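A short worksheet on the structure shown next.
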């Protein structure tokens with residue numbers, strides 16, 4: 001388990017009129033063994049924050065701490081240490097998985113990055129990882145194109161768990177999936193977090209989905225955190241108008257009166 005602390009983080013990107021603050025002075029914390037949900041519309045800065053945490057985007061201000069130590073990704077040794085502590089599951093499993101590698105090859109490659117395993121141990125580890133994400137071990141010798149979208153995303157999750165990270169970052173992992181598959185993947189993620197005691201930063205734009213897996217929710221808008229509260233409080237008594245707008249945008253069979261409709 002790993003504690004993540006982000007303090008006054010600033011990330012800037014080049015825009016048509018100069019530098020734009022994608023992340024503007026954000027502070028948040030993911031205590032060991034808990035899940036923080038980060039929610040906001042597209043372009044709010046969620047993925048830029050995630051990329052900064054894992055060292056894929058330069059930080060222009062502030063600090064990222066893992067178990068009290070500042071994150072650095074300047075050398076190969078830094079990146080290896082960071083990769084052992086933190087793993088990311090991305091939005092699109094089609095681009096995350098090598099189309100030429102079978103499920104078994106992908107999982108073995110990840111499982112042997114930091115330790116040696118003999119052939120029987122590799123087979124055992126592949127079976128174990130597939131079982132963790134609810135997949136039949138008989139799928140191990142299939143290529144990604146022979147799997148459904150939900151199965152591919154579960155393989156991507158299994159691969160991220162192969163190095164036994166303390167922190168898992170799930171970045172919009174259900175947005176590329178059919179609605180019928182999303183709930184199953186969300187339930188898998190929630191069960192894995194509880195079973196393995198992972199710390200997790202769960203990123204999404206669907207507030208109810210984020211709340212389903214999170215202990216605490218941070219709402220992000222225009223690069224800033226506008227509200228942070230326990231999940232139950234966010235759902236029952238949201239304080240910020242933007243949070244209330246996100247909740248009101250969820251499809252419902254009930255037609256709200258005009259005064260309840262968000263602008």
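Couple of notes before you dig in:
- Residue 20 satisfies every condition listed in (1) part of a loop (DSSP other than H, G, I, E, B); (2) at pLDDT below 90; (3) over 20 Å from residue 85 (Cα atoms) except (1).
- Consider segment 67-88 and keep the residues that are at pLDDT 85 or above and more than 23 Å from residue 112 (Cα to Cα). The one that is nearest to the chain's Cα centre (by Cα) is 67.
- The set of residues from segment 58-93 being without any contact (Cβ under 8 Å) to a residue 60 or more places away in the chain and either in a helix (DSSP H, G or I) or farther than 18 Å from residue 48 by Cβ (or both) comprises 69, 70, 72, 74, 75, 76, 77, 78, 79, 80, 81, 82.
- Selected residue (only one of 165, 99 is touching a helix residue (DSSP H, G or I) at 6+ places or on another chain (Cβ under 7 Å), in a loop (DSSP other than H, G, I, E, B) and farther than 26 Å from residue 66 by Cα): 99
- Output for segment 124-144, where each listed residue is in a helix (DSSP H, G or I) and either over 26 Å from residue 190 (Cα atoms) or touching a strand residue (DSSP E or B) at 6+ places or on another chain (Cβ under 9 Å) (or both): 141
- Scanning segment 94-114 for residues that are in contact (Cβ under 8 Å) with a residue 24 or more places away in the chain, surrounded by 20 or more Cβ atoms within 10 Å (Cβ to Cβ) and closer than 16 Å to residue 165 by Cα turns up 107, 111.
- Set 234, 189, 173: member being touching a helix residue (DSSP H, G or I) at 6+ places or on another chain (Cβ under 7 Å) and either assigned to a strand (DSSP E or B) or under 13 Å from residue 39 (Cβ atoms) (or both): 234
- Of all residues in segment 116-149 being buried (at least 20 other Cβ atoms within 10 Å of the Cβ) and more than 16 Å from the chain's Cα centre (by Cα), the one that is farthest from residue 180 (Cα to Cα): 126
The values are calculated or read from the model by the stated rules, or taken from the named source; none is laboratory data. Since the model is a prediction, treat every value here as computed from it, not as a measurement. Neighbour counts run over all protein chains shown; Cβ positions are idealised from the backbone, glycine included.
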